[in-house]
Amino acid sequence: MNQSDLYVIIALLPLAACMLVFQVNPYHALVIRGILGAVAALVYAVLGAADVALTEALVGTMLAITLYAVAVRSSLTLRLGVLEESGAKAPTTNDESHHFGELMDDLRTVFSKHYMRVEVVPYTDQQALQRALMEKEIHATCTRSHLSELEPQDPTAPESETPFYHTETRVQRLYDIIRTELSSPATHLTYINTPDSGEGH
């Protein structure tokens, strides 16, 4: 390999690194991280450091990407606790099921813009649901609501504007996303302040 080709390969390292730093989509960032590791391994091999190239390929590329993929997959998931169909406040009619399905679709649409997925986790009763939220097993809850259970609202508001569901979250970032981006009036949103909310989850 001539010297000019070596310069081109080496120049790919800072280029790939800059692309990785400024990449918004975490899944695209994983691919670019793999490219960066492969280029680094190639540079080491060309310069005669075969052992370092092998280490970079196995540890710096394959193992690192695997660990990053697991971390991205788990951290970009909204675990939403709901009551099972047998629960007292679960949707019991086709109309309620339709509204609940629409709300879930709206939530998935909103969080897909942030490269997140919504995982629905069912619980048997309200106590178990609240305990899971406070113990940080889930990030938010969504339950059937009644107007009397919510914060005071405008008594002159028409019945059609009454929320069908009550959503609680312990993560400030999730609260901000839902509050600003969810256009559906079918849920009333509440932020629950728990110790170390949103830290490391």
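Taking other Cβ atoms within 10 Å as a rough exposure proxy, LEU133, LEU12 sort from fewest to most as LEU12, LEU133. The gain in end-to-end length when the LEU67 to GLU102 segment is fully stretched comes to 9.1 nm, 0.36 nm per residue minus the alpha carbon separation. Per-residue Cβ neighbour counts within 10 Å put SER97, SER74 in the sequence SER74, SER97, beginning with the fewest.
The numbers here are math on the coordinates, done by the rules we state, and not lab data. Keep in mind that what you see is a predicted model, and the values were worked out from it rather than measured. With ideal geometry, Cβ positions are generated from the backbone for all residues, glycine too; neighbour counts draw on all protein chains shown.
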